[in-house]
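The values are calculated or read from the model by the stated rules, or taken from the named source; none is laboratory data. Keep in mind that this is a model prediction, so the values were computed, not measured. Don't worry about glycine lacking a Cβ; one is built from the backbone with ideal geometry, like all the others, and counts go over all protein chains shown. To get the accessible areas, we keep the full protein, side chains included, count just its heavy atoms, and leave off ligands, DNA and RNA. Shrake-Rupley method; radii C 1.70, N 1.55, O 1.52, S 1.80 Å.
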Amino acid sequence: SGCLVKAVETAAQREAFIVGKPNRYMFDCVVSEFNIDPARTIMVGDRLDTDILMGNNCGLTTLLTLTGVTTLDEVKGHLESDCPARQSLVPDYYVDSIADLLPAL
């Protein structure tokens, strides 16, 4: 999709405004509409570079499910890094599967 966005930007001679993850625009719209408290909200996802990054950007608690492309070794690498950009990809919690949450509900 990045190639298509760049083509449209070039044709329109304007820079696109991205509203999807990890941009916080989508979350800000939901907060304003439904009066959500970020301190009481958790972002659950299976990708570090979209779901977890968005949650961290929005001040949410983050939970990674290891059913997607992300591995625990990848998380550990980011955790041990001194790079702030890599640190922003580290979730607060992780589970092997979203099914692991069912007993807590």
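Data for the structure
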| item | result |
| --- | --- |
| Cα lying deepest toward the dipole's positive end in the chain, options Leu102, Ala12, Pro22, charges on Cβ | Ala12 |
| For the chain, the fraction of alpha-carbon pairs in successive 5 Å shells from zero, as % | 2, 12, 18, 18, 17, 15, 10, 5, 2, 1, 0 |
| Potential extension, Val19-Asp92 segment - 0.36 nm per residue separation minus Cα distance | 23.9 nm |
| Gain upon complete extension [Thr50, Cys29; 0.36 nm per residue less C-alpha separation] | 5.8 nm |
| Accessible area of segment 3-104 divided out per residue, in Å², using a probe of 1.4 angstrom | 68 Å² |
| Apportionment of accessible area to carbon and sulfur, the chain, percent (1.4 Å) | 57 percent |
| Net charge of Cβ neighbours under 15 Å - reference Val69; Lys, Arg +1; Asp, Glu -1 | -4 |
| Charged-residue dipole, Cβ positions (Lys, Arg, Asp, Glu), segment 3-104 about Cα centre, Debye nearest 20 | 300 debye |
